[in-house]
Amino acid sequence: MRKFIYQSIIEKLKEIKDESGNPVILHFDIWNNNLVYIQEEQAFYTPAVFIEFQPIQWRHQGGGAREAAVGIVLHVVTQRNEPTLNDGRYEERALRFFDLLTDINRVLHGHFKSGVEFGHDALTATQSNTDHDFDELQENIEIFTCHAQDVSAMPVKQTISTSVKINI
């Protein structure tokens, strides 16, 4: 279920394109405190989105089914090259990270609406944390939730095929 959510979010985020039709987000990965030891980390292109799953509190429904509200944290990492000073000559370019955060909400809002495996409900943005202590890399956090029903532990029903031959 988490693998499905992870891959599905990445596919939706790849829909964000620049004016030339190229993907805006250049790197996706599972969050592993990637900015804590940035000098030792494997290099990555920005903008980058790292996906983290919050702890899941499952409620069992019987028969191997379970359901929960699933919290998904997106760590959106962008390069800061220009000052954000109001009326500065670089202001528009410096504030593009806000446009990216808006685009992320636009493409993810309502994703998983219906008919998606595992019984997911729509993704909803629940929190945004703007980075106020950044250097070259800025990490803004967008938190989404969705409801998920996981039936992976339910017994698989088997269909038995029979045929009858009658000679008359």
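Here are a few things to note about the model shown:
- Selection count, segment 141-156, where residues are within 19 Å of Ala125 (Cα to Cα) and charged (D, E, K, R): 1
- Just one of the listed residues (Asp121, Asp99, Asp131) is of a type in the set (Asp, Glu), assigned to a loop (DSSP other than H, G, I, E, B), surrounded by 12 or more Cβ atoms within 10 Å (Cβ to Cβ) and at pLDDT 90 or above, and it is Asp131.
- For segment 69-80, the criterion of being touching a helix residue (DSSP H, G or I) at 6+ places or on another chain (Cβ under 6 Å), part of a strand (DSSP E or B), in contact (Cβ under 8 Å) with a residue 60 or more places away in the chain and not aromatic (Phe, Trp, Tyr) is met by at least one residue.
- Among the residues of segment 38-66, those that are surrounded by fewer than 10 Cβ atoms within 10 Å (Cβ to Cβ) and either of a type in the set (A, V, I, L, M, F, W, C) or not in a loop (DSSP other than H, G, I, E, B) (or both) comprise Ala43, Gly62.
Condition check ((1) surrounded by 15 or more Cβ atoms within 10 Å (Cβ to Cβ); (2) modelled with pLDDT of 95 or more; (3) farther than 27 Å from Val70 by Cα) across all residues:
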| site | (1), (2), (3) |
| --- | --- |
| Gln7 | no, no, no |
| Lys14 | no, yes, no |
| Ile25 | yes, yes, no |
| Val36 | no, no, no |
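The values are calculated or read from the model by the stated rules, or taken from the named source; none is laboratory data. Small disclaimer: the values here were computed from a predicted structure and weren't measured. Glycine also receives a Cβ, built like all others from the backbone with ideal geometry; neighbour counts cover every protein chain displayed.
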